[in-house]
Every structure is written in structure tokens, then in C-alpha cells.
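K.L.:
There's a structure below that I have some questions on.
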Protein chains: 2
Amino acid sequence: MSRTKKRTGGVTMDHVAREAGVSLMTVSRVMNNVPGVKDSTREAVMGAVKALGYSPNAAARSLARNGAGRIGLLYSNPSAGYLSQFLVGALDGAQTSGALLVIEKCDTSSDSESAAIGRLIAGGVAGVILPAPHAESDRAIAALREAGVVAIAVGTGHPRPDTHAVRMDDFAAATEMTRHLIELGHRRIGFIKGAVNQTASVERLLGFETEIRRAEPPADPLVEPGDFTYRSGFEAAERLLTLDDPPTAIFASNDDMAAGALAAAHRRGLDVPGDLSVAGFDDTPLATAVWPELTTIRQPVARMAEAALRLVLQESRDQSRRDARSLIDQLLPHQLIVRASTGQVPGNS
Amino acid sequence: MSRTKKRTGGVTMDHVAREAGVSLMTVSRVMNNVPGVKDSTREAVMGAVKALGYSPNAAARSLARNGAGRIGLLYSNPSAGYLSQFLVGALDGAQTSGALLVIEKCDTSSDSESAAIGRLIAGGVAGVILPAPHAESDRAIAALREAGVVAIAVGTGHPRPDTHAVRMDDFAAATEMTRHLIELGHRRIGFIKGAVNQTASVERLLGFETEIRRAEPPADPLVEPGDFTYRSGFEAAERLLTLDDPPTAIFASNDDMAAGALAAAHRRGLDVPGDLSVAGFDDTPLATAVWPELTTIRQPVARMAEAALRLVLQESRDQSRRDARSLIDQLLPHQLIVRASTGQVPGNS
DNA sequence: GGGCTTTTTAATAGCGCTAACATCATTTTG
DNA sequence: CAAAATGATGTTAGCGCTATTAAAAAGCCC
């Protein structure tokens, strides 16, 4: 008992097959949801799987599939909260769908990005998931395309004409948040923009502006630049709050900046939401870590990562069969989360 | 060219061997740094590897090694910043050392933890990395031990008598930070404790108290409970700042709580560091995201994860050979990072 | 330089899984 | 009722790599 057999500790397909009284191949079919297995057989196999606690060996699978099912993920360093959520989602999806994730890090420099993409391609991935900043790099996408690797952009504002995309409707979400503020009676509303090189920033701004124009009586937008960092949010909020006629609400393009705005408000002795409402975007862990908790838009980051994984897997499979590729643009639902940081406009109750 | 060959896109060992004019096995030896290869041969192989851009296929490797080299990582949801740094470090290490990481998520409930450990064991891992909260779960460690899986605790306060550990010296680090504050002239210093179920919290507190007692003239500690969340830091700071004789400096057991303290100070109209110094711990991304940037202790999270990976790999290899296991306790260096949030005691200049 | 150990290299057999083809039962049909 | 068309399952041959064993080359003694 104590002597560790070389065994990996593992139940293999063979064991399952024997237990279920079928051949190894049948088990494989069941595990991969291949049609053409009698229901009764399928159930028997499932039973054996449960009984033995079998779980397929990802390494063997990836090997046998000869790289199909190996997919790459490129990341640099977006907001830390975003990254871990994203990784978790991707990891989850990988486990579920039996894919093998190859994760590559790079910084934002174009060289580093190219190098990482090169490594991914050399590693023989069938597809690559490109989260927000990289999804907008022409070079990266061109390199991938040339190598015949499926690329999928996650979290961009627009879909590109040359890549599949998984994203949320940033425009609509910004619209909803703005409406929420307007319904609370706010008319002077500050908006803090996100990093200019990301199309999602643009969509959020457009959504805000569009909804502002719909307000009746008319609302008054005050737009300040920002770059998705806490500090830029803080500074933008300082600028907004030192105006002669400061806004009664601030809508930041992400939670980090909203947290910065919160800090700026507190620093000036303003009560949130008594004197000023603050809204964020993304619903990162930070949103519930600050006080008061942020009203924000829940972006289903983990689900987007998972969807991206599934999509890239499916596409890479399809691509090898036929060449009929239509671009997919999958939109995941967002949600307005109202918490304690937004309230009625001051002096309105 | 356009037709995708079934090829994984990959250069295999076979190609390298042919290029270098040696056998496949020799290449394997070189790749694994196995002794007993003539230097000239080794160089020839390395040359071929470079020339062809070969990189070994982790899946095949893991498969052939029959699970050795497959190592598990359990995580729940510590501070988001911590997680991504940790994952990145582990992922990096895995790539370098050719290990295959199996990442399992669980929440903090004991059941969920057991289930995750079970999955890991069933997956045939040779070792498991247990970051902070799980590293202190007797059940988890017992289960792993029973399955003959090497466990390694990361980021605990003490080493346990039954597990290898990779950690930093929390006690010494807290001591240094406290000394830093004392040297700035602070004598009334607030301390915000971390979650009570983590031994690192205790070490940090002890380090603080020890250094306080050394101060000349004597210093005055004010200890408040906290649980590593932003909110608990905010609340603890509120309590400290509403005292009749409030502290001139607050040392929080992590950056999240320090950020909370910062918010509380701003809310009361205090200038940091003019009126109040605030210090954190960990140097998570948050530390530089807030304003002013936090003086903190840099905990080499990524390096710790990498070290843990290496250690668990090596141990699992050794264990299968002999049974002579001595417990390893690897201490990684930390660093006091002085930024803008701490300064001379008010009215001292 | 023969017999011997010591390096160093080559050959073979899997690791757990899947793709492609082969083999059986069942139907369906001329 | 034989022949072809379906299912449903079993067989075989690898995927890229590492252990293990066998073989060859190189050193060493007297």
C-alpha cells in the first residue's frame, strides 16, 4: 500500500471500458459526445465513469488529437481583477471541454507581443484567445492568420472584419447606466473615459452621449479623459469636482476609475451617494471592496472567456474540415447592478 | 501552403535529432539535462533546437512521464491581485520546468476543498501547491498525504511540521515596516490585523508588536481587527481615527486594507502623508493604483509560486526514489518599498 | 593488444487517448 | 430472400515523448 506504484493514481478509459463491458472506443465516444452510441450503452458507460471516478487525461487527449484542442491565451496586464477572472473562466472552460490551455504572457510592447504569438504558433496551438488590448493589434492578428491559427477577440468594442469576437454590448450597457442616473434625477453628469486605444472605451462613451441626448429635460455631459487606472479616475474626478458647477453624478468607464472618483469625493468631504453618485463599469471584485459598494455594469468576464474558448475550439475544428468560415460575433448579456454608490440627485427628496 | 496539414505546426524531437545527426533519445537527454551526454553532442543538439525553433510538447511529456511532472494548484479567492500574480508565477515556472499545471478552483468551504483535492488526486498529480488559506487546512493536507501526493504550502506564517513550505518572513517584514514608521517619528501607530485563520496574520502582528516594544522613546500601539478586505480596513481606520488621540500612522496587514484606510482618511479630510501615514503589505497592483501610492512590503508572490512549483516537482521526483524526506522550508526575500503614503510625523519638521 | 569496465548512443515499448477503418448486427429493398 | 444500406461497436495505428534495455565505442589494466 505504501509503496507508490508507478501508476499515475489513475483510472483509465480501459478500466471504464472493462467495468461497463464495452470497448475502449465506445467510452471515448461517450466522453466526447459523439453521436451514434445507443442510449443504453451510453448510460452504462456513464455509470461506470461515475462509479470509478474517471476523468479523462487532458495530456493524452491533446496528444492524440494532434494539437487540435490545444489553444493559446495571450495576456499582458490588464486590471488585475479582470485577469484573474478571465483566467479562471478560461481554465474552467478548458477543463470542461477537454482543451489544453497554453498561456503566454507579454507586455504591451509590440515586439513582446509578436514574440509571444510566435511561441504560441510554434507550440502548435489550433487557436488563440486574444483579450482586450491584443485583440486590436493588427500585427498579432495578421501573424495568426498567416499561420492558419484561428483567432478570437474578447472584450473589444466593435467586432473586426477579420476576427471572430466574443464581447458584450458596451454601448447598450453605457446607455443603461446613463439612464439609471438620469432616472435618479441627475442632469449634470460627469463621464470618465477609458483608454483611447481600446474600442470598448469608445462604445461606452458613445452610449453615454447617446442617452444623455435623449434626456428630458436635457442633461449636461462633462467628459474627462482617463485610462482605466485608479489614479486617472481620481484625477479626472478632481477636475470634475473643482468645476464651478460640479456634476451630481460621475460615471466612470471602469471600476478602478470609479474607485478613484470615490476617493476624490471623500477627500473633498462629499458624501456618496448623498452629495455625489458614482457609477463604475465591469463589476470587478473592487466594486464590492470599496465603500460604498459601486453601482456598476456586470461584465460576464469569466463567461466570456469560457465562450471564447468554446468558440475557438469549435472554429478550429470546423476550419480543418471546410473552408466556409463566416465571422462569428457573440454578444454576451451584461447586467446593471445597482448598489449603494448611486442615489437621488441632492436636494430632490 | 494554404491547406492545413494535420501537423500540429510542430517541430518534433525527431526533426531535431535528424538535424543534429543523433538519435531521438539523445535529444531527450539534452532537453532534460540528463548527465552522460558528451559536451560536443549536447551543443550540436542545442544548435539544432535553436535552428528549428523546437519546443517540447508538454502534453506528450506529461503523458510519457506517467503523471510525474503533473502538479496541481488549488485556489479559492484570495485578493484578486494576489491570485493573478500567483497564477502567473506558477504558469511561468511550469513552462520553464516542463511541468503540467492542473488548476482547481474551490471556495472556502471545507466540502468544496475536499472535493477539489479529490479531483486533483484522481487526476493523478504528483504534487499539489496549496496557497495561503488551504495550506492551513488539516483535512486537505491529510488527504494529500494519504494519497502519497507531495503537498507544499505557500505563504503561511509558520511552516507546519507535516508539509514543505515556501514563504516569506512575515515577522521580519512587519518589523521592518514598523521600524520605518518609528524612524519617521511616529509613536502612536495603529495596526490593522489580517484574517485570524491565517498564520501569516499572526506573524505580522507579532513583528509589529515586537518592534513597537523596542522603540525609544516608547511607542504606543493601537491594534484593530481586520480580515484582509478593503472594507474591514476602512472600518478599522474609522475606529482608529475617531479616537480622542488618533494615531499618526496606520500599518495595515495588507494593501487592500491600507487602501481602505486611505479612503477613510480622505473621507475625514486628512492629508496622506501630511496628517497621517498609511502603510500596506504585499505590494499588490492596488498599492500603486491608489493615490498616494502605498509604502508597503513587496512579497515576491510570483517568485514564490515558481519556487513552489520547482520544489514540488523535485520532491515528487525524489519521493519516488527514496523515502528519506526532510521537510523543506524555503524563505524568500521580501523588500520594504517606500512610496508616497508614509512621511514624517505631523508637526515634526 | 586481449579481457574488462565505463561511457555514450541506438532501439523498443509504452503513457492514455482518438481518428480512421474494419466488423458485425440489423434493417430496408428490389 | 439475397443484396445493399444503415447502425452500433471493436480494432489498429499512431500523437510526441520518456524509461528501459541492448548495443556500440571508448578507456583501462597488466
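K.L.:
Determine which member of the set A:Val11, A:Val27 is in contact with a Phe, Trp or Tyr (Cβ under 6 Å, 6 or more places away or on another chain) and near DNA strand C (Cβ under 9 Å from one of its atoms).
P.N.:
A:Val11
K.L.:
Take the conditions out of contact with any Ser or Thr (no Cβ under 7 Å at 6 or more places or on another chain), crowded, with 24+ Cβ neighbours inside 10 Å, under 28 Å from B:Thr163 (Cα atoms) and at pLDDT 90 or above and apply them to B:Gln299. Does it pass?
P.N.:
Yes; evaluated as a whole, the condition is true for this residue.
K.L.:
Taking the condition of being free of Cβ contacts under 8 Å to residues at least 24 places away in the same chain and more than 15 Å from B:Gly155 (Cα to Cα), how many residues in the stretch B:67-83 meet it? Working first, answer last.
P.N.:
Going residue by residue through the stretch B:67-83, those that are free of Cβ contacts under 8 Å to residues at least 24 places away in the same chain are B:80, B:83.
After this cut, where a residue has to be more than 15 Å from B:Gly155 (Cα to Cα) as well, the list is B:80.
Within the stretch B:67-83, residues that are free of Cβ contacts under 8 Å to residues at least 24 places away in the same chain and more than 15 Å from B:Gly155 (Cα to Cα) number 1.
K.L.:
For the stretch B:251-349, give me every one of the strands (runs of 3 or more DSSP E) that falls completely inside it and has 1 or more residues that are more than 19 Å from the chain's Cα centre (by Cα) and more than 30 Å from B:Val125 (Cβ to Cβ). Break it down stepwise before answering.
P.N.:
Details: elements: B:277-279, B:296-298, B:329-332, B:335-337.
The qualifying strands (runs of 3 or more DSSP E) are B:277-279.
K.L.:
Would you mind telling me which numbered condition in (1) more than 9 Å from DNA strand D (Cβ to nearest atom); (2) at pLDDT 80 or above A:Val27 fails?
P.N.:
(1)
K.L.:
Against the conditions (1) under 20 Å from the mean Cα position of the chain (by Cα); (2) under 22 Å from A:Thr296 (Cβ atoms), where does A:Gly190 fall short? Just the number, please.
P.N.:
(1)
K.L.:
Another question about this same structure. Among the residues of the stretch A:229-250 satisfying the criterion of being in contact with a strand residue (DSSP E or B) (Cβ under 8 Å, 6 or more places away or on another chain) and in a loop (DSSP other than H, G, I, E, B), which is nearest to the other protein chains (Cβ to nearest Cβ)? Working first, answer last.
P.N.:
The first filter runs over the stretch A:229-250 and keeps only residues in contact with a strand residue (DSSP E or B) (Cβ under 8 Å, 6 or more places away or on another chain), leaving A:232-233, A:236-237, A:239-240, A:243, A:245-250.
Restricting the remaining residues to those that are in a loop (DSSP other than H, G, I, E, B) gives A:243, A:245-248.
Numbers: A:Leu243: 19, A:Asp245: 23, A:Pro246: 17, A:Pro247: 19, A:Thr248: 19 Å.
Only one residue tops the list, namely A:Pro246.
K.L.:
Can you run down the residue pairs with Cβ atoms below 8 Å, 6 or more apart or on separate chains, where the first is in the stretch A:17-31 and closer than 11 Å to A:Gly47 by Cβ and the partner is away from DNA strand C (no atom under 12 Å from the Cβ) and of a type in the set (D, E, K, R)?
P.N.:
Hits for this filter: A:Val30/A:Arg42.
K.L.:
Check off (1) facing chain B (nearest Cβ under 8 Å); (2) farther than 30 Å from A:Ala287 by Cα; (3) modelled with pLDDT of 85 or more for A:Gly53 and give me the number that stays unchecked.
P.N.:
It fails just one condition, (3).
K.L.:
Restricting to the stretch B:228-247, name every residue that is in contact (Cβ under 8 Å) with a residue 24 or more places away in the chain and surrounded by fewer than 20 Cβ atoms within 10 Å (Cβ to Cβ).
P.N.:
B:Thr229, B:Arg231, B:Glu238, B:Leu241, B:Asp245, B:Pro246 - these are the residues of the stretch B:228-247 that are in contact (Cβ under 8 Å) with a residue 24 or more places away in the chain and surrounded by fewer than 20 Cβ atoms within 10 Å (Cβ to Cβ).
K.L.:
Right, next: In the stretch B:248-276, what residues are among the charged types (D, E, K, R) and surrounded by fewer than 24 Cβ atoms within 10 Å (Cβ to Cβ)?
P.N.:
B:Arg267, B:Arg268, B:Asp271, B:Asp275
K.L.:
Turning to a different aspect of this structure: If you take the residues in the stretch A:9-24 that are more than 14 Å from every other protein chain (Cβ to nearest Cβ) and not in a loop (DSSP other than H, G, I, E, B), which one is farthest from DNA strand D (Cβ to nearest atom)?
P.N.:
Residue satisfying both the conditions and the ranking: A:Glu19.
K.L.:
Inspect all residues belonging to the stretch B:104-116 and state whether any of them is surrounded by fewer than 24 Cβ atoms within 10 Å (Cβ to Cβ), assigned to a loop (DSSP other than H, G, I, E, B), in the same structural domain as B:Ser76 (by TED's automatic domain parsing) and small (Gly, Ala, Ser).
P.N.:
Of all residues in the stretch B:104-116, those surrounded by fewer than 24 Cβ atoms within 10 Å (Cβ to Cβ) come to B:104-116.
Now restrict to residues that are assigned to a loop (DSSP other than H, G, I, E, B): B:106-109.
Now restrict to residues that are in the same structural domain as B:Ser76 (by TED's automatic domain parsing): B:106-109.
Remaining after also requiring small (Gly, Ala, Ser): B:109.
Yes, the conditions are met somewhere in the stretch B:104-116.
K.L.:
Among the residues of the stretch B:30-49, which ones are away from DNA strand D (no atom under 11 Å from the Cβ) and under 22 Å from B:Thr96 (Cβ atoms)?
P.N.:
Listed by number, the residues that qualify are B:Pro35, B:Val37, B:Arg42, B:Glu43, B:Val45, B:Met46, B:Gly47, B:Ala48.
K.L.:
A further question follows. Restricting attention to the stretch A:99-138, which residues are away from every other protein chain (no Cβ under 12 Å), over 17 Å from the mean Cα position of the chain (by Cα) and in contact (Cβ under 8 Å) with a residue 60 or more places away in the chain?
P.N.:
Residues satisfying the conditions do not exist here.
K.L.:
Within the stretch B:50-76, which residues are near DNA strand D (Cβ under 10 Å from one of its atoms) and assigned to a helix (DSSP H, G or I)?
P.N.:
B:Ala58, B:Ala59, B:Ala60, B:Arg61, B:Ser62, B:Leu63, B:Ala64
The values are calculated or read from the model by the stated rules, or taken from the named source; none is laboratory data. Just so you know, these numbers come straight off a predicted model, no measurement behind them. Here Cβ is always computed from backbone atoms with ideal geometry, including for glycine, and neighbour counts include all displayed protein chains.
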